[in-house]
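A.B. asks: Handing you a structure now.
The values are calculated or read from the model by the stated rules, or taken from the named source; none is laboratory data. A quick note: this is a predicted structure, and the numbers were derived from the prediction, not measured. Here the Cβ is made from the backbone with ideal geometry for all residues, glycine too, and neighbour counts use every protein chain on show. SASA here: full protein model, heavy atoms, side chains in, ligands and nucleic acids out. Shrake-Rupley method; radii C 1.70, N 1.55, O 1.52, S 1.80 Å.
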Amino acid sequence: MPVQSPISSVNDFVVRFANVNGSGSASANELFARSILRHGVPVSPRNIFPSNIQGLPTWYEVRVTEAGHLGARGGVDMMVAMNPQTWDKDVASIEPGGYLFYDSTKPMPTSKFRADINVIGVPLTAITNSTYTDPRQRQLFKNIIYLGALCALLDMDPKVVEQLIGEQYKGKEKLLSSNVHALHLGRDWALQNLKCPIGLQVKKSDKVGDRIFMEGNSAAALGAVYGGATVCAWYPITPSSSVAEAFTSHCKKLRHDPETGKAKYAIVQGEDELASIGIVIGASWNGARAFTATSGPGISLMTEFIGLSYFAEIPAVIMNIQRAGPSTGMPTRTQQCDIIACAYASHGDTKHILLFPEDPAEAFEFAAQSFDLAERLQTMIFLMLDLDIGMNHRLCRPLKWDDARQYDRGKVMTAEMLDEPGRDFGRYLDVDGDGIPYRTYPGTHPTKGSFFTRGTSRDRYARYSEEGAVYADNMQRLVRKFETAQDMVPRPLQANAAKPTKYGVIYFGSTAPAMDEAIGLLEARGHQLDRMRIRAFPFHSSVASFIADHDFVYVVEQNRDGQLRQLIVNENGIDPVRLVPILHYDGTPITARFIANAIGDHQDHLKVTPLRKAVS
Amino acid sequence: MTYIAKPKFHHPGLPKNELGYTHRDYEGKISTLCAGCGHDSITASIIEACYELSIEPHRVAKISGIGCSSKTPDYFLGNSHGFNSVHGRMPSVLTGANLANRDLIYLGVSGDGDSASIGFGQFAHSIRRAVNMTYIVENNGVYGLTKGQFSATADRGSKSKKGVMNTDNAIDLVAIALQLGASFVARSFSGDKTQLVPLIAAAIRHKGAAFIDVVSPCIAFNNHAGSTKSFDYVREHNDAVNRLDVLTGRDPITVDYAPGTVQVVEQHDGTRLALRKIDADYDANDRLAAMTFLQKHAAKGQVVTGLLYVDPDSEDLHTHLDTVETPLNTLEAKDLCPGSAALEKINASLR
Ligand SMILES: Cc1ncc(C[n+]2csc(CCOP(=O)(O)OP(=O)(O)O)c2C)c(N)n1
Ligand code: SF4
């Protein structure tokens with residue numbers, strides 16, 4: 001019997017599955033998460049995987065959260081330990097009073113267990129082997145059998161799981177019935193042999209509402225479909241590959257001409273990132289909406305072209321799904337570490353527009369918007385996701401689209417416009433004073449409006465020139481354009497603390513759900529904080545005023561060097577002392593506990609009366 | 001002034017093509033290359049070929065990398081859009097441009113440094129993807145713009161201007177283009193306009209990846225004794241396999257050369273390529289034979305020129321991707337956006 005009393009909690013706990021890559025567990029685990037959602041209880045799952053090689057350990061964690069906290073929590077209440085390789089580490093990570101679920105076919109020495117946890121053994125291999133002969137079937141159905149056992153242990157409604165299986169194998173009756181059979185094998189065994197339910201339980205609720213459950217990469221790819229992207233060139237790299245793969249599958253469903261069956265898109269797997277961004281730039285130069293998806297090392301390779309896009313003013317979209325760097329770093333771990341690399345990518349004076357979506361819904365919106373912005377501003381737009389949003393399912397508001405919406409193709413001069421009497425066309429003329437010139441597409445007019453695009457300096461009429469004044473004129477216009485961008489990109493969102501406070505916190509992107517939860521934890525500790533979620537670079541003027549309105553502001557980010565903080569200091573001329581870095585960068589998603597502890601400890605120190613004052 | 005525009009004035013009596021355009025309409029800015037540079041002769045041949053084909057200049061997109069050769073698109077087709085991109089990356093930019101609008105003519109101009117060194121990969125991949133383009137390498141065996149370093153096409157044993165011997169093996173872009181599946185492969189010499197002009201014209205008419213390697217001597221850094229890319233060397237070692245005439249639909253169908261020495265190849269768009277064979281055994285439709293022929297002659301130090309291979313049944317990247325006939329860059333929200341009803345269905349499938 002455990003010394004600790006068993007954890008008892010309804011709709012609020014963390015289950016972690018420890019599996020071996022390639023064992024087919026992913027779909028069973030996802031089924032588990034979805035089943036809980038169908039009980040009306042929010043979940044927040046996370047894939048934890050090293051490099052994607054068969055046989056290596058993977059984990060899948062499901063946070064069951066009636067309160068709807070979508071950030072990672074930290075800690076494990078129940079470990080489904082299916083991987084002997086990681087057994088010791090897995091057992092060690094269980095919270096005192098938590099549960100260990102394991103395959104008890106072979107007896108384990110007691111030294112392999114902990115005294116302060118509850119051990120639940122199910123002879124999974126024995127049950128499987130007595131039912132199935134085919135080795136692949138044995139492997140796959142073992143996963144469904146443990147799912148069935150969990151159903152009984154956590155008091156889940158088997159009908160809900162059956163219904164989900166039904167949806168998954170619609171039209172494939174044989175697969176459907178065999179999966180349902182396996183589910184009941186596990187459930188029945190548990191009901192007959194174990195004390196069910198345990199302390200952790202799932203009870204029906206109504207906290208999910210009309211929210212959807214989606215991966216950020218798939219949402220961004222769908223945003224590209226809705227945003228009118230027709231050309232995608234990419235090179236595989238974790239965690240961004242699924243953007244291009246999802247774009248391909250969305251396009252297959254949504255983008256074929258109904259009469260001819262032909263594709264209204266072109267997707268090319270480039271030979272590398274240089275080619276991918278080259279294809280994007282060539283397509284955009286020629287008037288198509290084009291994008292690539294990559295991650296840190298890909299950005300490094302693309303930087304020469306990124307500079308060309310900036311200087312020659314060619315629209316383009318890069319979706320950067322960030323992972324832990326530098327170099328190959330931790331390729332399957334999350335970070336927000338390419339902020340500086342993207343904001344100032346390439347040689348010479350360059351600045352680029354960054355968008356920071358917080359969840360799949362915003363990834364969809366910002367992805368669609370990025371094509372409007374790229375064409376309106378004739379420049380590179382970076383959609384900055386990270387592995388935590390990109391490769392995990394998140395609960396988010398349903399995706400929305402306004403059918404009246406037209407694409408903003410930006411300042412493009414047509415043949416008719418070129419023929420207007422008195423019209424002067426110069427590719428780099430600032431006609432409207434907003435720093436954005438007019439362009440023409442190749443092939444527009446037999447005698448007017450053609451120009452030569454180059455990365456070398458040129459005058460307002462696109463004529464090669466190395467004169468200092470001409471060069472400086474162009475560079476200043478580019479700054480004007482960047483200032484124009486400030487009011488076009490998504491604005492920061494602000495929320496005030498319940499009580500007036502001198503302190504603020506700035507955060508962005510995938511940190512949002514953890515931050516929402518952390519605010520509550522901090523309030524419980526007596527700390528009030530006003531919040532600002534930054535959604536784009538260049539920073540809106542409200543960022544500087546938010547900082548000015550507080551004694552100091554915490555900047556929470558998932559990298560070592562406080563890159564967003566650096567960018568704010570650099571771009572807004574802010575005294576760095578006013579911005580306190582809160583940094584999390586071990587590759588795991590930031591948690592509410594971490595934020596609340598880091599900020600809370602800092603705040604507690606502020607409340608301590610300085611020693612000298614007390615003495616004097 | 002760092003650029004020179006050509007005066008607009010021209011003689012009213014200049015000959016005109018079917019569109020009513022004169023040569024002048026196919027010219028660009030005045031070249032800033034060294035007087036006598038082979039690249040300028042290629043420019044002249046491109047102008048001639050486009051004039052002869054009566055191409056609307058603005059329907060051409062001319063794309064290049066970086067180098068003296070890559071500067072040349074500024075010197076022809078002044079009414080078309082040009083793109084001087086980054087070193088070695090012309091092929092990807094051209095591929096993207098082509099995907100965006102399949103209706104324009106794509107002319108890629110590159111150097112041997114640009115295509116055989118830094119851009120070797122992009123060269124190879126654009127060819128293997130069958131991008132519909134005319135890819136011209138202005139091959140001088142040397143880096144012109146950075147002043148005379150050996151390029152990867154410099155022959156082993158050839159000498160630099162300073163007398164240094166090249167000990168590395170050369171890359172033969174023609175052999176590689178053949179191997180990678182280019183459906184039109186030719187080699188020519190910048191000093192041989194009679195051969196080069198119809199080759200360029202035929203390549204423009206060809207659907208798919210058309211590659212022309214043009215030996216183009218650099219008079220500043222690679223026109224000395226000991227170079228295998230000098231004017232003198234190429235004149236002495238040039239071995240043409242055929243001479244080409246491009247017959248558009250409007251030209252008479254019969255060709256007035258002795259039978260047995262003319263091979264007619266019909267292309268997708270109705271143009272016929274009449275190949276006057278100089279080497280009676282040479283078959284320009286046999287990829288394998290072309291490769292062997294090339295290697296044998298290269299071993300003898302000969303520069304084989306002419307149309308080395310053409311596939312009359314060629315396809316292009318758009319065929320492979322099965323894209324719509326309408327250029328992708330003209331599709332609008334109504335064509336591309338699945339709309340809110342479809343999104344509702346997607347939402348429902350994610351619950
Ligand atoms: C990334 C990069 N590396 C190096 C250069 C310098 N560079 C400019 S042109 C050139 C070589 C040009 O040689 P080639 O392509 O043979 O053309 P040519 O000038 O001989 O016609 C080099 C190395 C550059 N512009 N960019
Ligand atoms: S350096 Fe050579 S390649 Fe460059 S312009 Fe002069 S002759 Fe031509």
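A.B. asks: Run the numbers on region A:300-421 and let me know its relative contact order in percent, using alpha-carbon pairs under 8 Å that are six or more apart.
C.D. replies: 31 percent
A.B. asks: Could you please report the charge total around A:GLN269, scoring K, R as +1 and D, E as -1 over all other residues with beta-carbon less than 11 angstrom from its beta-carbon?
C.D. replies: Local charge sum for A:GLN269: -2.
A.B. asks: Here is a further query. If you average the C-alpha positions of region A:150-202 and of region A:30-47 separately, how far apart do those two centres end up, in angstrom?
C.D. replies: Spelled out, the Cα-based centre of one part sits 14 Å from the other.
A.B. asks: What fraction of the DSSP beta bridges in the protein assembly as shown is antiparallel, stated in percent and rounded to the nearest 5?
C.D. replies: Within the protein assembly as shown, antiparallel bridges account for around 35 percent of the total.
A.B. asks: Another question, then. What list of ³J(HN,Hα) couplings, whole Hz, do you get for region B:42-55 from phi and the Karplus terms 6.51, -1.76, 1.60, once you set θ to phi - 60° and write x for glycine and proline?
C.D. replies: Couplings: 5, 3, 4, 5, 4, 4, 4, 5, 5, 4, 5, 7, 6, 7 Hz.
A.B. asks: Set the Förster radius R0 to 22 Å, insert the Cβ-Cβ distance between A:THR105 and A:GLN139 as r into 1/(1 + (r/R0)^6), and round the FRET efficiency to 0.05.
C.D. replies: Rounded to the nearest 0.05, the efficiency is 0.95.
A.B. asks: If you don't mind, another one. Against the longest alpha carbon principal axis of chain A, how many degrees, from 0 to 90 and to the nearest 10, is the axis of helix A:158-168 turned?
C.D. replies: 40 degrees
A.B. asks: Please give the peptides A:275-283, A:187-195 ranked by average Cβ packing (other Cβ atoms within 10 Å per residue), highest first, as a rough proxy for protection. Could the numbers behind the result be given before it?
C.D. replies: Values: A:275-283: 32.4, A:187-195: 15.8.
Taking the mean over residues of other Cβ atoms within 10 Å, the ranking is A:275-283, A:187-195.
A.B. asks: Could I have the simple spin-label model distance between B:THR326 and B:SER349, label points 7 Å from Cα toward Cβ, reported in nm to one decimal?
C.D. replies: With each label point 7 Å from Cα toward Cβ, the separation is 2.4 nm.
A.B. asks: If you don't mind, there's one more thing I want to ask. So, in nm, how far is label A:SER27 from label B:LYS334 when the simple model puts each one 7 Å beyond its Cα toward the Cβ?
C.D. replies: Placing both labels 7 Å beyond Cα along the Cβ direction yields 4.2 nm.
A.B. asks: Distance between the C-alpha centers of region A:399-452 and region B:83-128? Whole Å please.
C.D. replies: Computed from Cα coordinates, the inter-centre distance equals 26 Å.
A.B. asks: Under a point-charge model restricted to the Cβ atoms of Lys and Arg (+1) and Asp and Glu (-1), what is the dipole moment magnitude of region B:1-133 relative to its Cα centre, in debye to the nearest 20?
C.D. replies: That gives region B:1-133 a dipole magnitude of about 280 debye.
A.B. asks: Would you mind pulling out the separation of the Cα centroids of region A:502-543 and region B:286-351, in Å?
C.D. replies: 49 Å
A.B. asks: Let me know the charge dipole size of chain A about its Cα centre in debye, to the nearest 20, where only the beta-carbon of Lys, Arg (+1) and Asp, Glu (-1) is charged. Kindly include the intermediate steps, with their values, before the conclusion.
C.D. replies: Values: 64 positive and 67 negative charges, 236 e Å.
My answer is approximately 1140 debye.
A.B. asks: Which one, A:TYR407, A:PRO326, A:THR379, projects farthest toward the positive side of the charge dipole computed for region A:309-451 from Cβ point charges (K/R +1, D/E -1)?
C.D. replies: Result: A:PRO326, furthest along the dipole toward the positive end.
A.B. asks: Taking amide H positions as placed 1.01 Å from N in the peptide plane, with prolines and chain starts having none, which residues 5 or more places from B:SER64, or on another chain, fall under 5 Å of its amide H?
C.D. replies: B:PHE83, B:ASN84, B:SER85, B:VAL109
A.B. asks: Work out how much length A:LYS174 to A:GLU483 would gain on full extension: take 0.36 nm times their residue separation and subtract the Cα-Cα distance, in nm to one decimal.
C.D. replies: 105.1 nm
A.B. asks: Excluding A:MET488 itself, what net charge comes from residues whose Cβ is under 14 Å from its Cβ, given Lys and Arg +1 and Asp and Glu -1?
C.D. replies: In short, -1.
A.B. asks: So, one more: Label points 7 Å out from Cα along the Cβ direction at B:LYS161 and A:GLN54: separation in nm?
C.D. replies: About 5.8 nm separates the two model spin labels.
A.B. asks: How much length is gained if the chain between A:ALA115 and A:VAL431 is pulled fully straight, taking 0.36 nm per residue apart and subtracting their Cα-Cα distance, in nm to one decimal?
C.D. replies: 106.1 nm
A.B. asks: Please state the shape class of region A:327-406: rounded when a/c is under 1.5, otherwise prolate if a/b exceeds b/c and oblate if not, all from the C-alpha gyration tensor.
C.D. replies: Because a/c hits 1.5 or more and a/b fails to exceed b/c, region A:327-406 counts as oblate.
A.B. asks: Of A:ILE237, A:ILE314, A:SER249, which is farthest towards the positive pole of region A:227-382's charge dipole, taken about the Cα centre with +1 and -1 on the beta-carbons of Lys, Arg and Asp, Glu respectively?
C.D. replies: Going by the Cα projections, it comes out as A:SER249.
A.B. asks: Checking the a/c ratio against 1.5 first, then a/b against b/c, what shape does the Cα gyration tensor give for chain B? Working shown, then result.
C.D. replies: Details: a/c = 1.42, a/b = 1.36, b/c = 1.04.
Rounded, because the longest to shortest axis ratio a/c is under 1.5.
A.B. asks: Still on this model: Which of A:LYS448/B:LYS193; B:LYS159/B:LYS229; B:LYS62/B:LYS334; A:LYS264/B:LYS334 have a Cα-Cα distance over 19 Å?
C.D. replies: A:LYS448/B:LYS193; B:LYS62/B:LYS334
A.B. asks: Ignoring everything except DSSP H segments at least 4 long, calculate the 222 nm mean residue ellipticity for the protein assembly as shown; use -39,500 (n - 2.57) per segment, divide by total residues, nearest 500.
C.D. replies: -10500 deg cm²/dmol
A.B. asks: A:ASP586 to B:GLN149: FRET efficiency via 1/(1 + (r/R0)^6), r the Cβ-Cβ distance, R0 45 Å, to the nearest 0.05?
C.D. replies: E between A:ASP586 and B:GLN149, to the nearest 0.05, is 0.45.
A.B. asks: With r as the distance between the Cβ atoms of B:ASP279 and A:LYS253 and R0 = 56 Å, compute the FRET efficiency 1/(1 + (r/R0)^6) and round to 0.05.
C.D. replies: The pair A:LYS253/B:ASP279 has a calculated efficiency of 0.55.
A.B. asks: Can I ask one more? Net charge near B:SER45, counting Lys/Arg +1 and Asp/Glu -1 over other residues with Cβ under 12 Å of its Cβ?
C.D. replies: Once positives and negatives cancel, what remains is -4.
A.B. asks: Here's something else I'd like to know. Please give the charge dipole size of region A:200-326, origin at the Cα centre, charges +1 on K and R Cβ atoms and -1 on D and E Cβ atoms. Round to the nearest 20 debye.
C.D. replies: Numbers: 11 positive and 11 negative charges, 135 e Å.
So the magnitude is around 640 debye.
A.B. asks: Given 0.36 nm per residue, what is the gain on full extension from A:LYS207 to A:HIS181 after removing their alpha carbon distance, in nm?
C.D. replies: 6.4 nm is the gain from fully extending A:LYS207 to A:HIS181.
A.B. asks: How big a patch of accessible area, both sides summed and in Å² to the nearest 100, lies buried between A and B at a 1.4 Å probe?
C.D. replies: 5400 Å²
A.B. asks: Go through region A:332-337 residue by residue and turn each phi into a ³J(HN,Hα) via Karplus (6.51, -1.76, 1.60, θ = phi - 60°); whole Hz please, and just put x for glycine and proline.
C.D. replies: 10, 10, 8, 7, 10, 10
A.B. asks: Follow-up question, since we're still on this one. Can you tell me the equivalent ellipsoid semi-axes for region A:498-615? Use √(5λ) from the Cα gyration tensor, largest first, whole Å.
C.D. replies: 22, 18, 14
A.B. asks: Okay, next question. Between B:LEU273, B:ALA299, B:ASN285, whose Cα lies farthest towards the positive end of the dipole of region B:269-308 when Lys and Arg beta carbons carry +1 and Asp and Glu beta carbons carry -1, centred on the Cα centre?
C.D. replies: Going by the charge dipole, the pick is B:ALA299.
A.B. asks: Over the protein assembly as shown, how many percent of alpha carbon pairs lie in each 10 Å bin up to the one with the longest distance?
C.D. replies: 2, 11, 18, 19, 17, 13, 10, 7, 3, 1, 0, 0
A.B. asks: Tell me, what HN-Hα J-couplings in whole Hz come from the Karplus equation 6.51 cos²θ - 1.76 cosθ + 1.60 at θ = phi - 60° for each residue of region A:202-208, using x for Gly and Pro?
C.D. replies: 10, 10, 4, 8, 9, 9, 8
A.B. asks: Something else about it: Using packing as a proxy for protection, rank B:333-343, B:214-224 so that the peptide with the highest average count of other Cβ atoms within 10 Å comes first. Could you put the intermediate results ahead of the total?
C.D. replies: Values: B:333-343: 16.1, B:214-224: 24.6.
Per-residue Cβ counts within 10 Å, averaged per peptide and sorted highest first, yield B:214-224, B:333-343.
A.B. asks: Quick query: amide H of B:VAL215 versus all other amide H atoms, modeled in the peptide plane; which residues come in under 5 Å with a sequence gap of 5 or more or a different chain?
C.D. replies: B:ASN139, B:SER188, B:PHE189, B:SER190
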